[in-house]
Amino acid sequence: MLSGFLVLLAFLLAGDIAGYLFALPLPGPVLGMALLLGWLAWRRRPPPENLRTASMGILQYLSLLFVPAGVGVILHLERLQREWPAILGAVLAGTLISVGLSGLLLKALRAKREAQHD
């Protein structure tokens, strides 16, 4: 399990370094997760068992990560009350774009799969 945590930390560090070196507007952990996803896809095998065990160990505490977000909402409640139309618009637009792009991606992947089976 320790080796799985080390792999996760290595990709976190790689994401932080990439974000710093290339001045990317994304957080290092997000870049690290993208790098990890790319590495797992490149391997074309299931994730190593040590990585799976470490990930599941972290995921059981995922709900604790929502505590800071909840505190932030309470601390900025006045600002949220002032700017709710913009926030609502951004959430709705983001949701519609995500659903639309997911549908297009699903359609393209199904067409590709059907073409391979023919």
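The values are calculated or read from the model by the stated rules, or taken from the named source; none is laboratory data. Everything numeric here is computed off the predicted structure, so don't read it as measured data. Cβ placement follows ideal geometry from the backbone for every residue including glycine, while neighbour counts extend to all protein chains displayed.
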- Counting only residues in the stretch 47-96 that are of a type in the set (Ser, Thr, Tyr) and surrounded by 10 or more Cβ atoms within 10 Å (Cβ to Cβ), the one nearest to the chain's Cα centre (by Cα) is identified as 55
- Given (1) surrounded by fewer than 14 Cβ atoms within 10 Å (Cβ to Cβ); (2) touching a helix residue (DSSP H, G or I) at 6+ places or on another chain (Cβ under 8 Å); (3) under 20 Å from residue 59 (Cα atoms), where does residue 35 come up short, assuming only one miss? (1)
- If you go through the stretch 33-46, how many residues are over 17 Å from the mean Cα position of the chain (by Cα) and either within 22 Å of residue 2 (Cα to Cα) or not assigned by TED's automatic domain parsing to the domain that holds residue 13 (or both)? 3
